[in-house]
Structure formats: structure tokens, C-alpha cells
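Just below is one structure, and these are the notes that go with it.
Computed from the coordinates by the stated procedures, all read-outs in this text should not be read as laboratory data. Everything numeric in this text was worked out from a predicted model, so none of it was measured. Here Cβ is always computed from backbone atoms with ideal geometry, including for glycine, and neighbour counts include all displayed protein chains.
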Amino acid sequence: MTLLDPPAEKPEKSRAMAFTIAALVLVAIVVLWFTFRYYPEKKAAEHFFDALVAGDTARAYQLWKPSPSYAIKDFLADWGPEGYYGPVKSYKILRASSPIGANAIAVRVAISPFSPMPDASEIEKSRKTKVVSVWVLISDKSFSFPP
């Protein structure tokens, strides 16, 4: 190599490949974060509603982690077989979101007295489907109704 020879060229392919891989990793991280950001709270809600579907209101009450002012009779008046939301035979978690400034996750759930969850084409059955919001406290996964 002499002084008049041009310098060796750097391959542009490797730089483009590095940026492409970095961009794909970044996109994958963002997608995974949006997919799993409320995973623990959704899982807690699944356990609660699975207990209701199984008819185990004692276990559901235990998972609710109620305050002393929310007695079992109040819980059964809301979630029991003859309660306001009951009987719960099937459910579907619709959405989870975090209200601004809240220390809880709002989980919207469609609950139905029919098993399996009725399709939208089954008008008579789907009329009895209710959409309820429950709050899952981030710290201990206890439940409450939104304020």
C-alpha cells in the first residue's frame, strides 16, 4: 500500500445490519412491554373470576382481600349466586388500564350467567352479560370497586 492508494472501504452492509437489528430489538421490547405490562393484575383477576365460576365464593372472598367493612354477606350480595353480578358462569377480560395517578389497575371484565360466554349473535343470552370494572391494587393484588 502506497500513499497514493485509496483507504480501504468499510463495508456499509454491517452498519445497516446493526441498525436493523437494533431497531427490531427495540420494537420487540416495546411490543412485549405493551403486551405484558398488566400481566400480574390480569392473572389475579383470572384467579378471582375462576373461583367465582367454580362456585367457590369463599376462595373468591379470600382473593378479594376485603377490608373489615366488606363482610362476607356484602360480598355474597354482590358476587354470590343470587347477587347483583351473579351467578358468574363465564367471563372474559376485556381490558386493563392504569388510571393516571392511581395505585391500582382497572380491569374491565364481561361476566355472563351462561357457560360458555354467549356470542354476540345470541341476542337473548348476551343481554344478560354485564361489563364490570374492578380495581386490582398493584402492591398486594387485592380487589375493590372503582371509586
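Given the structure, is residue 49 among the hydrophobic types (A, V, I, L, M, F, W, C), surrounded by 15 or more Cβ atoms within 10 Å (Cβ to Cβ) and in a helix (DSSP H, G or I)?
Yes, satisfied.
Look at residue 115 and say whether it is more than 20 Å from residue 145 (Cα to Cα), touching a strand residue (DSSP E or B) at 6+ places or on another chain (Cβ under 9 Å) and either of a type in the set (S, T, N, Q) or crowded, with 16+ Cβ neighbours inside 10 Å (or both).
For residue 115, the condition - more than 20 Å from residue 145 (Cα to Cα), touching a strand residue (DSSP E or B) at 6+ places or on another chain (Cβ under 9 Å) and either of a type in the set (S, T, N, Q) or crowded, with 16+ Cβ neighbours inside 10 Å (or both) - is met.
Conditions: (1) closer than 14 Å to residue 111 by Cβ; (2) surrounded by 13 or more Cβ atoms within 10 Å (Cβ to Cβ); (3) of a type in the set (A, V, I, L, M, F, W, C); (4) under 18 Å from the mean Cα position of the chain (by Cα). Residue 88 meets all but one. Number of the miss?
Status for residue 88: all satisfied but (4).
I'd like to verify a number: residues in the range 1-46 that are without any contact (Cβ under 8 Å) to a residue 40 or more places away in the chain and assigned to a helix (DSSP H, G or I), how many?
The qualifying residues number 27.
From the residues in the range 12-37 that are among the polar types (S, T, N, Q) and more than 18 Å from the chain's Cα centre (by Cα), which one is farthest from residue 95 (Cα to Cα)?
Within the range 12-37, the match that is farthest from residue 95 (Cα to Cα) is 14.
Out of (1) surrounded by 13 or more Cβ atoms within 10 Å (Cβ to Cβ); (2) closer than 30 Å to residue 35 by Cβ; (3) touching a residue at least 12 places away in the same chain (Cβ under 8 Å), what's the single condition that is false for residue 56?
It is condition (3) that residue 56 fails.
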